[in-house]
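A short worksheet on the structure shown next.
The values are calculated or read from the model by the stated rules, or taken from the named source; none is laboratory data. Please read all numbers here as calculations on a predicted model, not as lab measurements. Virtual Cβ from ideal backbone geometry, glycine too; neighbours counted across all protein chains shown.
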Amino acid sequence: MTRNFIGATVAVALLAGLTPAQTLINGAGASFPYPMYSKWFDSYHKKFPAFQFNYQSIGSSGGIKQVTEGTVDFGASDGPLTDDQLKAYRDKHGSGLLHFPTVLGAVVPIFHVNGVSQLNFTPEALAGIFLGKITKWDDPELTKANAGVKLPSANIVVVHRAEGSGTTYVWTDYLSKVSPDWKGKVGVSATPNWPVGLGGKGSEGVSGQVKQVPNSIGYVELIYAIQNKIAYGKVRNSSGQFIQASLASVTSAAGKAAKTMPEDFRVSITNAEGSDAFPISTFTWLLIPEKIADAGKKKAITDFLKWMLTDGQNMTEALDYAKLPKLVVDKEMKAIAKIQ
Amino acid sequence: MSATTTTAIEGRPKGRAQSFQQRLKSGDDLAYAITFLAALTILAITALLVYELYVNSALSRQKFGWAFFYTKTWDPSGEQFGALPFVYGTVVTSAVALLMGIPLGVGAAIFLAELAPPGISSALTFLIELLAAVPSVIFGMLGIFILVPTLVKLEGPIRNTLGWTPLFQGPFYGLSLLAAGVVLSLMIIPFIISISREVILAVPNDQREAALALGATRWEATWDVVVPFAYKGITGSIFLALARALGETMAVTMVIGNDPRINTSLFAPGYSIAAVIANEFAEASGNMHTSALVELGLVLFALTIVINGAARLLVAGASSKAGT
């Protein structure tokens, strides 16, 4: 037994010594696409054992920071970089940082009101609640959109993320588009100055507090709400329809944007047009340096991007992520050539 | 200092004549050097800590100056930072923890050391030491799943008895300064008990016997003789508990509500220095944000020194009065 074990260990050690040196690529960033990325990197490694991708899901702000500092080979974010952030990258590295959309996601309002499993939210209601202007569940703004639902006359408890987050970026981006009041007072940010509410650490923190505290409302990524079986509401889109977040309604939100996609892929698809589009949808991006000095790493990253845009896209729906529209994929294929 | 040196040399008359090597062989100087170096590392670590915090908070110190300490806006996207809400939350939760922890902790220590039958005492002491080793995240989970819902159920009785004070006003959702204070008190009680118990046990038996011989009852001997004798050690245990309460991170952030606003009511959510650093540091949005968080670390350091210093002065004053 012991001898066999030693023999096996020696064999493994020898084999490890014989396999050609692996190219190790490090990345860090957004936690929302982490299950997808981890599946992709794992499948890719099995197919091409010479390449090993290592991804740390530390959050979008962390991903932007690390790729700017040059401590990782690529970053990932749920929100595109601002012009200032791109300039900071260019100042430091002398070359640009490219955005590559990978999958689509949605942020949904989750709530905890005893006896209520489905709610409709108007944009005005969401902005009002998160501004602290709508404070009761039986506010007319809520009752008029939810005929037949008995809402309590209880105080609304708002729960938001305590730390910087790509999810928060998408949420505030949406609220800024639908509410001038929100835009003026709070604006778009991964770390806004919240007018009201309790802070929860991470998606688990927010969903945990919403589960714990009756009459509360928060926001998380759709996948998170589905996996944790938390009630989430429909949101009224720009066509006046109340839409449930789903793969179809998220893909629909990206459809229009696909046609007008800018060259650098930095685009917000919140409050998108289309009668069946879910209004709080977003792309999530890989952040790839324009100049990659190491030829091995450059080949690994460009090859992976090509694979992700073809074979990889067929794996998304099994994990509840919406795949990229064809137009976007074609455009990205061309953009890969920008990596030098 | 000089007195001890002289005695040391007098005690070893040939000391001067001995070569350094010989002295090293005898072990005394070697032991001195090694232990001195060990002690020096404490100083070095502390100095390095302060230095790093100071240097890395330069951006924020230059921009906000002293205003950092008394302004209450914390807006990472607008790059406006003030430490006051966090200092407030840290001090208030620690105060609540001590208010509940001291009577319970010292009471339990007196019982275990002086009054309990030996069997019960050793069994309970073992449990308490176990409790002191429980990781703080476990206390946080207990807080979320058991304590917070219990506090919500107790809201009525609390309001009926203490609702007239400004400390128990406004809506109560469970996650609050109160919840954080109670969780902290649970965490510091084992410290207070186990150290205070040791100190009380160390009081010489002569003291007890003398008091009993003078006709004191057992409780009188304990309260009037043993506890005052152990006073310094007991306050020492409280300082240690306070230090833990001020710096506790995980358990606090799970139940305090993480809301950087100042509310008089203990029912309201708040934020503590350690909690905001833990939450925001990894995801800080820019250099100014990071710098402000590092400065908060410096503030926590200073706060600990000020509070500990004040408490020590208080104790020194009290014990010198007791002495006269």
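In the range B:224-239, which residue that is surrounded by fewer than 21 Cβ atoms within 10 Å (Cβ to Cβ) and without any contact (Cβ under 8 Å) to a residue 40 or more places away in the chain is nearest to the chain's Cα centre (by Cα)? So the residue we want is B:Gly233.
When you scan the range B:164-196, how many residues do you find that are aromatic (Phe, Trp, Tyr) and farther than 22 Å from A:Gln212 by Cα?
Within the range B:164-196, the first condition is being aromatic (Phe, Trp, Tyr), and the residues that meet it are B:164, B:168, B:172-173, B:191.
This time we only want the ones that are farther than 22 Å from A:Gln212 by Cα, so: B:164, B:191.
So the count comes out to 2.
Cβ-Cβ distances below 8 Å connect the following pairs, each with a first residue in the range A:214-227 that is touching a residue at least 40 places away in the same chain (Cβ under 8 Å), a second residue that is of a type in the set (D, E, K, R), and a separation of six or more residues or different chains: A:Leu222/A:Asp320; A:Ile223/A:Asp320; A:Ile226/A:Asp320. Starting from residues that are aliphatic (A, V, I, L, M) and buried (at least 24 other Cβ atoms within 10 Å of the Cβ), keep the ones in the range A:176-199 and report whichever is farthest from A:Ser61 (Cα to Cα). Result: A:Leu198. For B:Gly170, the stated conditions hold: it is surrounded by fewer than 23 Cβ atoms within 10 Å (Cβ to Cβ), small (Gly, Ala, Ser) and assigned to a loop (DSSP other than H, G, I, E, B).
When the residues of the range B:240-249 are narrowed to those that are of a type in the set (A, V, I, L, M, F, W, C) and surrounded by fewer than 18 Cβ atoms within 10 Å (Cβ to Cβ), which ends up nearest to the chain's Cα centre (by Cα)?
The initial filter retains those residues of the range B:240-249 that are of a type in the set (A, V, I, L, M, F, W, C), namely B:240-243, B:245-246.
Narrowing the set further to residues that are surrounded by fewer than 18 Cβ atoms within 10 Å (Cβ to Cβ) leaves B:240, B:243.
On the way: B:Leu240: 4, B:Ala243: 2 Å.
Per the criteria, the residue is B:Ala243.
In this structure, is B:Ser285 in a helix (DSSP H, G or I) and buried (at least 17 other Cβ atoms within 10 Å of the Cβ)?
Details: in a helix (DSSP H, G or I): no; buried (at least 17 other Cβ atoms within 10 Å of the Cβ): yes.
No: the conditions fail for B:Ser285.
A:Leu305 - would you say it is surrounded by fewer than 24 Cβ atoms within 10 Å (Cβ to Cβ) and farther than 17 Å from A:Asn26 by Cβ?
Criteria not met by A:Leu305.
Could you tell me whether the range A:145-152 includes any residue that is at pLDDT 95 or above, of a type in the set (A, V, I, L, M) and closer than 22 Å to A:Asn271 by Cβ? No, every residue in the range A:145-152 fails to be at pLDDT 95 or above, of a type in the set (A, V, I, L, M) and closer than 22 Å to A:Asn271 by Cβ.
Hey, among A:Gly218, A:Gly184, A:Gly197, which residue is more than 11 Å from chain B (Cβ to nearest Cβ), of a type outside the set (Phe, Trp, Tyr) and within 20 Å of A:Leu142 (Cβ to Cβ)?
Details: A:Gly184 fails: within 20 Å of A:Leu142 (Cβ to Cβ); A:Gly197 fails: more than 11 Å from chain B (Cβ to nearest Cβ).
Matching residue, one of A:Gly218, A:Gly184, A:Gly197: A:Gly218.
Could you tell me whether B:Leu175 is outside any helix (DSSP H, G or I), within 12 Å of another protein chain (Cβ to nearest Cβ) and in contact with a Leu (Cβ under 7 Å, 6 or more places away or on another chain)? Yes: the conditions hold for B:Leu175. For first residues located in the range A:275-293 and within 30 Å of A:Leu175 (Cβ to Cβ), partners that are of a type in the set (Asp, Glu) and lie 6+ apart or on another chain with Cβ distances below 6 Å form the pairs A:Thr284/A:Asp78. A:Ala258 satisfies every condition listed in (1) surrounded by fewer than 24 Cβ atoms within 10 Å (Cβ to Cβ); (2) within 14 Å of chain B (Cβ to nearest Cβ); (3) in contact with a Leu (Cβ under 7 Å, 6 or more places away or on another chain) except (2).
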